[in-house]
Amino acid sequence: MTATMDKPVKEPTFQGVSARRKASNLSATILVTLSVLVALVPLIWVLFTVISRGLSAVVSPTWWQNSQAGITQFIAGGGAYHAIVGTLLQGLFCAAISIPIGIFVAIYLVEYGVGTKLAKVTTFMVDILTGVPSIVAALFIYALWIATFGFQRSGLAVAFALVLLMIPVIVRSAEEMLRIVPQDLREASYALGVPKWKTIAKIVIPTALSGIVTGIMLALARVMGETAPVLILVGSATAINFNIFEGPQTSLPLMMVDLQKAGTGVLTAERMWGAALTLILIVAILNIGAKLVSKFFSPKNF
């Protein structure tokens, strides 16, 4: 009787993991880990090269205060202040135009236009714009803004070209982030009588805000590294220009191109790597700031 009572009421269904499954799991873990390590090698290599070769220029106070006006490959000194100003102004003007348009288009595609012909056409056009080279966008803006409308070459024209490159990236990333928001959150809000537009503004967007911000920063990092629009639509300059509406206004990528054309001396190479490191630092600072903003405004319970 005692032996019968000691038996479990029900035999356990879990019989343990077989040796074959353990081996498969271990093999997959090793492959994934090796893939990550292989992907990290070029990234670390690039960062090490840029930092080691450009740090001497970046740590100098004159690098952040002076321009390259009057500086040649044989004269020490000068800085990247003019290129930093151009990069930030062009990037910020581009972001101010692209971010609202990209987010609103993504909201329409996910929340309002599901299955409609306009949504299908919009998705198709976004796919096309995603693969457009930067020089094509620059030539389009040149033909429309400068050749047709007669406006001058300026940093504003560059910003318009960058808009064409930034919008599709924002739309795609924001669309994916909005789609992964649980439908239960929307239905719970509707059940409480909250209008759809307020549900999107108060529930959907804050829930997906972190991913949306990440996509925006990836798009901004991409356009800030473009050279062709600056070269075609505004031209290079060695002096500081705060006016984005007229006059030559260079950027950090174009500064690197100009330095490479100037020669291969030690001073030129140092400035070129310094400009590359400066661009990386600017993108990193913007990413950190955006992450902090998204973390502050995102809901704490999701």
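The values are calculated or read from the model by the stated rules, or taken from the named source; none is laboratory data. From a predicted model like this one, the values you see are computed outputs, not experimental measurements. Don't worry about glycine lacking a Cβ; one is built from the backbone with ideal geometry, like all the others, and counts go over all protein chains shown. What goes into the accessible areas is simple: the full protein's heavy atoms, side chains included, and nothing from ligands, DNA or RNA. Shrake-Rupley method; radii C 1.70, N 1.55, O 1.52, S 1.80 Å.
General remarks:
- Karplus-derived 3J(HN,Hα), 6.51/-1.76/1.60, for each residue of segment 225-242, Hz, glycine and proline x: x, 7, 10, 4, x, 5, 5, 7, 9, 9, x, 7, 8, 9, 9, 7, 9, 8
- Largest GNM mean-square fluctuation across ALA188, ALA137, ALA237, computed for the chain with C-alpha springs under 10 Å, falls on ALA188.
- The relative contact order of the chain, computed from alpha carbon pairs under 8 Å that lie at least 6 residues apart in sequence, is 26 percent.
- Calculated FRET efficiency, GLU246 to VAL194, Cβ-Cβ distance, R0 = 45 Å: about 0.40 to the nearest 0.05.
- Segment 152-197 and segment 61-85 have their alpha-carbon centroids 39 Å apart.
- Dipole magnitude for the chain: computed about the Cα centre from +1 point charges on Lys and Arg Cβ and -1 point charges on Asp and Glu Cβ, it is near 720 debye.
- Relative contact order (%) - criterion: Cα under 8 Å, at least six apart; region: segment 116-212: 27
- Rounded percent of accessible protein surface that carbon and sulfur make up, the chain, 1.4 Å probe: 71
- Between 0 and 90°, nearest 10: helix 205-224 axis offset from the chain longest Cα axis: 30
- Linear extension gain, TYR81 paired with VAL266, 0.36 nm per residue minus alpha-carbon span: 64.6 nm
- For the chain, calculated [θ]222 nm from helices alone, where every DSSP H run of n ≥ 4 adds -39500 (n - 2.57): -22500 deg cm²/dmol
- Between GLU176 and LEU43, the simple label model (points 7 Å from Cα in the Cβ direction) yields a spacing of 1.5 nm.
- Only one item in (1) 31, 56, 13, 0; (2) 37, 59, 4; (3) 26, 45, 22, 6, 2, 0 matches P(r) over Cα pairs in 20 Å bins from 0, in percent derived from the coordinates shown, and that item is (3).
- Placing a pseudo-label 7 Å from each Cα along the Cα-to-Cβ vector at SER52 and SER27 gives an inter-label distance of 3.8 nm.
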